[in-house]
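Just so you know, all these numbers are worked out from the coordinates, no wet-lab data involved. As the structure is a computational prediction, the values presented were derived from the model and not from experiment. Here the Cβ is made from the backbone with ideal geometry for all residues, glycine too, and neighbour counts use every protein chain on show.
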Amino acid sequence: MTLEVKNVYKSFGTKEVLKDVSFSASSGSALGLLGRNGAGKTTIMRIIMRFFNADKGSILLDNKTFYPEHHSIGYLPEERGLYPKKPIGSQLIYLARLKGLSTKDAKTNTVKWLERLGLDDQFNKKLNTLSKGNQQKIQLAASLVNDPDIVILDEPFSGLDPVNAVLLKNIVKELVEDGKIVIFSSHQMNYVEELCDRIALLTLGTIVLHDSIFNIKKSYPNDNIFVSFTKPQNVASIKNFVGNYVMSFEAQKSGTNTENEAFSFIMKLKDDISKDALLRMFVDADYEIDDFHVIEPTLEEIFVDKAGDAI
Amino acid sequence: MIKKRDWEQFKTIFSYEYMGIIKNKVYLITTIIIMVVVAVVLTTPTVVGMFKSDDEPGDEPGTDPGVTDKLRVAVINNSGMQIEEILNLSLPNYNFVSENSNLDDLKDKVNKEEYYAALVMSNPLEFDLYVKDYVITNTLMQQISSVIEYNYKITELQNQGVSLEEIQRILASTVKSNLIELGKSSEQTFLYAYILLMFLYIAVNLYGQLVATSVATEKSSRAMELLISSAKPLNFMFGKILGSGTAGLTQLVGVMGVSFGFYKINESTWSKYPLVTSLFDMPADVLFYTILFFLLGYFLYAFIYGAVGSLVSRIEDVNTSILPVTFLYMAGFLVSMVNLVNPKGLVVRIFSFIPFFSPMCMFLRIIMTSVPIWEIAISIAILVATIIFTGYVAAKIYRVGVLMYGKPPKIKELVKVLKTKE
């Protein structure tokens with residue numbers, strides 16, 4: 001299955017929130033929806049969920065108009081909350097029933113997800129007796145209690161401690177392995193990088209980047225080289241050695257005691273110089289190389305590069 | 001066509017809302033308290049009666065109390081007519097004593113409660129009565145008046161040469177009259193009209209406001225987005241409104257059942273009080289109209305309350321936001337209450353066709369007067385049409401309102417929402 005957002009426009013009053021937004025997500029992969037605060041991530045999710053309609057454009061599932069109520073969907077809203085004064089178990093069963101499960105399945109799934117999240121002893125507790133992080137996990141259980149085929153998570157990692165974040169990461173991985181469509185937004189770039197095959201980056205309501213992370217990184221110039229040697233090297237002599245090949249040069253001073261020596265260096269190649277040429281030069285000169293690789297931009301750097309200027 | 005999935009969702013929401021209210025401690029305690037109060041009120045006279053008949057057989061009204069217990073009334077008589085003796089004979093509960101002291105002294109004595117009252121007669125048909133604190137139920141004034149009047153007539157007629165027997169026969173003659181009401185007796189219906197109107201007012205308000213609070217709670221606890229991603233907003237609104245309404249009806253039937261049960265147990269005690277028996281021998285159609293107008297009124301106002309609740313972001317704002325709606329309903333209540341004594345009045349008749357007031361005003365007319373069936377039909381038809389329209393508008397507002405946070409929308413924005421198609 002492929003869920004496709006196609007040329008969607010949306011305005012609230014005179015403010016245009018989404019402009020010609022298109023992206024797609026397929027079964028068995030996770031799409032990271034990125035963007036700064038107010039970029040329109042939540043709005044596009046709400047449009048997918050049909051809380052309101054787009055002014056223009058369409059949401060398609062396998063090229064047919066997508067109606068959320070006809071499919072099994074798990075949606076974790078940005079606004080977190082349930083009935084604070086009601087027992088957790090009954091609330092989850094209620095939600096599962098609303099999502100179309102039989103009473104028996106609703107019960108089974110509620111117990112299953114509470115166990116998966118390590119909250120099976122909280123079945124009869126009232127929601128407001130739980131800590132904020134655990135309430136967040138209940139929220140997640142509420143979105144997934146119907147074992148949905150399409151999972152849309154708005155900022156699922158916010159408010160979770162590192163242990164719970166890992167738990168959630170594993171759940172997302174499982175969902176992807178089980179062949180679900182997973183779309184999630186997050187500001188934690190390390191999780192996005194780890195979990196998503198593809199990202200869509202929203203800036204001021206337009207998609208500025210939509211591709212696989214691999215391709216995106218490839219599209220950035222790969223002329224930043226990291227070199228490290230088995231023995232400390234004199235900074236001045238290395239600088240002199242590569243002088244004509246690089247635009248910038250930086251020594252990383254960790255691991256050595258003296259000011260003028262270093263194990264590793266970062267250098268930016270001149271436009272007409274290839275990586276091979278640099279490597280060959282070091283090898284020919286009998287330097288013992290420990291590590292030699294292109295430094296890829298991190299997702300965070302890409303994010304700042306693409307969305308940083310937007311106000 | 002209602003789809004199966006919608007029906008399943010509605011049923012789930014309905015029973016969750018209904019059970020939520022029924023199991024709520026406040027609801028349970030309130031219902032039990034009302035039932036206990038009703039039971040106690042209905043049983044008390046029987047219990048009191050049991051003790052009375054055993055211990056104090058002589059304490060009946062009309063028995064002549066001893067002289068010391070009599071209330072002393074001072075009399076300054078300047079009328080030239082002998083009146084003290086006849087007053088003492090006619091009003092055995094009082095002791096009328098002639099006094100020659102001046103009026104100011106007497107007033108003083110009345111104030112100090114040496115005398116209960118002071119009677120000053122200036123001529124045979126005129127007197128002043130001085131009392132310390134006048135209680136509205138006190139009939140001494142009227143009693144003295146009639147004694148004096150009667151005495152004056154007899155004396156005058158005797159002076160004219162009419163025999164005492166003749167006089168007594170003439171003065172004792174009374175008119176026998178029977179009022180045969182072909183419609184409804186307001187004397188009988190007054191009490192239950194009053195009680196049922198009070199009930200309608202409280203019940204519709206209570207359960208309508210419950211809907212508003214419940215919607216606003218879901219919004220303020222931010223549960224709404226997760227909820228409406230699980231089921232259709234319309235199903236939520238109808239499930240909630242019907243769930244709360246049914247909970248209200250459950251309470252109503254329960255309280256009515258308990259009242260009727262305890263009335264039956266104590267029926268022998270209450271049979272002496274026609275006002276009370278009229279309440280419980282209420283015709284079946286009154287019961288029918290009570291439930292009908294409760295449901296109609298409830299639905300109309302619950303839709304409005306639900307829509308208002310969906311526009312509120314914080315639970316603290318609910319009370320102020322629903323105030324205009326409450327006032328609207330209160331207007332119908334006040335008009336019907338004021339016109340309890342005049343149920344045929346033009347105002348009630350007009351109001352009984354205006355949907356926001358008709359649940360109370362038409363109800364009042366039906367139970368207190370004879371309303372042509374076509375008038376009832378038209379009134380109910382207008383009301384039902386309004387309910388359907390209000391439900392449609394409320395559903396639209398609700399759909400948009402539940403996801404709107406921050407400042408409440410302006411009227412202009414609301415109208416725009418209503419115009420948008422699905």
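Treating only the Cα positions of chain A as identical point scatterers, give the base-10 log of I(q)/I(0) from the Debye formula at each q in 0.08, 0.10 Å⁻¹. For the requested q values the scattering log ratios are -0.50, -0.70. For segment B:117-122, 3J(HN,Hα) computed residue by residue from phi via the Karplus equation (6.51, -1.76, 1.60; θ = phi - 60°) reads 8, 10, 10, 10, 9, 9 Hz, glycine and proline entered as x. On average, how many beta carbons from a partner chain sit within 10 Å of the beta carbon of a residue in B:218-224? Average per residue, whole number: 6. Mind checking which of B:Pro274, B:Pro124, B:Pro283 has the largest fluctuation in a GNM of chain B, springs on alpha carbons under 10 Å? Fluctuation is largest for B:Pro124.
Summarising the amide proton neighbourhood of B:Asn95: residues at separation of 5 or more, or on other chains, whose placed amide H is nearer than 5 Å comprise B:Leu71, B:Arg72, B:Val73. Peptide A:217-224 shows a mean partner chain C-beta count of 0 within 10 Å per residue C-beta.
Between B:Thr277 and B:Thr44, what's the calculated FRET efficiency when r is the beta-carbon distance and R0 is 22 Å? Round to 0.05.
E between B:Thr277 and B:Thr44, to the nearest 0.05, is 0.85.
Once the other residues with Cβ under 9 Å from the Cβ of A:Phe249 are scored (Lys, Arg +1; Asp, Glu -1), what is the net sum? Display every interim value, and only then the final one.
On the way: positive: A:Lys239, A:Lys268; negative: A:Glu250.
Charge balance near A:Phe249 sits at +1.
In chain A, the longest principal axis of the Cα atoms and the axis of helix A:132-144 are about 70 degrees apart.
When Lys and Arg each count +1 and Asp and Glu each count -1, what net charge do the other residues less than 11 Å away from B:Lys3, Cβ to Cβ, add up to? Summing Lys/Arg as +1 and Asp/Glu as -1 gives 0. Per-residue mean of foreign Cβ neighbours for A:136-147 is 1 (Cβ atoms of other chains, 10 Å radius). Among the listed pairs A:Lys85/B:Lys23; A:Lys112/B:Lys240; B:Lys272/B:Lys344; A:Lys132/B:Lys25; A:Lys104/B:Lys396; A:Lys107/A:Lys180, those with a Cα-Cα distance over 24 Å are A:Lys112/B:Lys240; B:Lys272/B:Lys344; A:Lys132/B:Lys25; A:Lys104/B:Lys396. 3J(HN,Hα) along segment A:222-230: 9, 10, 9, 10, 10, 10, 9, 10, 6 Hz, from the Karplus curve 6.51 cos²θ - 1.76 cosθ + 1.60 with θ = phi - 60°, whole Hz, x for Gly and Pro. Screening chain B for whole DSSP H helices with an alpha carbon extent of at least 27 angstrom along the helix axis and a mean Kyte-Doolittle hydropathy of at least -1.0 yields B:25-55, B:140-159, B:186-220, B:233-265, B:284-311, B:318-338, B:373-401. Extension gain for B:Ile180 to B:Leu103 (0.36 nm times residue separation, less C-alpha to C-alpha distance): 22.6 nm. Each residue of segment A:58-68 is assigned a 3J(HN,Hα), and the resulting list reads 9, 10, 10, 10, 6, 6, 10, 3, 9, 10, x Hz, derived from the Karplus form 6.51 cos²θ - 1.76 cosθ + 1.60 (θ = phi - 60°), x at Gly and Pro.
The fewest-to-most ranking of B:Phe236, B:Phe14 by surrounding Cβ atoms within 10 Å reads B:Phe14, B:Phe236. Taken along the Cα-to-beta-carbon direction at a fixed 7 Å, the label points for A:Ser131 and A:Ala285 span 5.4 nm. Note on chain B: dipole from Cβ charges, positive end direction compared against B:Tyr298, B:Ala385, B:Ile154; the farthest Cα belongs to B:Ala385. Take each peptide in A:164-171, A:1-8, count the other Cβ atoms within 10 Å of every residue, and average; sorted highest first, the result is A:1-8, A:164-171. Could you please report the charge total around A:Val163, scoring K, R as +1 and D, E as -1 over all other residues with beta-carbon less than 15 angstrom from its beta-carbon? With Lys, Arg at +1 and Asp, Glu at -1, the neighbours total +3.
Under 5 Å between amide hydrogens, built in the peptide plane, is the criterion, and for A:Arg198 it picks out A:Ala30, A:Gly32, A:Ile213 among residues at least 5 positions away or on other chains. At an R0 of 41 angstrom, the distance between the Cβ atoms of B:Met198 and B:Trp374 translates into a FRET efficiency of 0.90.
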